[in-house]
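Scroll down for the structure; my scribbles are underneath it.
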């Protein structure tokens, strides 16, 4: 099922979150926008020194963001979904980074409480190793764009 504004609006926790997401639709707020299969990810520059890392799975509208928001999905995830839905920004076709594969493996394996994810190489292109088994056939299916088990979000957090 494709992302539409109606679907994104239904996912939003409130209208204030949608209004905040609208302010983030400028591609200059996103130094990195990339895609691979049914996944899209990016970095959104906030007021801090370190951009927030956001990943969405279009196949099941899964999402993850490194921001401290208590709203789910947060304005960053909503903005990334919105940019995908209206094709307002260019997403570079890129091999899926290990940190995104790691999130995906955790989200499709039932969202167990896993230790924080570290992905220092998100934008550098260098290889990053993560603990955790990535040999799941479900991960391969997700990366190829096949539907997953319908999980929407993940309880564990990323760390810098």
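Just so you know, all these numbers are worked out from the coordinates, no wet-lab data involved. The model shown is predicted, which means the values in this text are computed figures rather than measured ones. Here the Cβ is made from the backbone with ideal geometry for all residues, glycine too, and neighbour counts use every protein chain on show.
Show me 60-72, 89-101 ranked by packing, highest mean number of other Cβ atoms within 10 Å first.
Output ranking for 60-72, 89-101: 60-72, 89-101.
Averaging over all projection directions, find the projected area of the Cα convex hull of region 1-70 and quote it in nm² with one decimal place.
5.0
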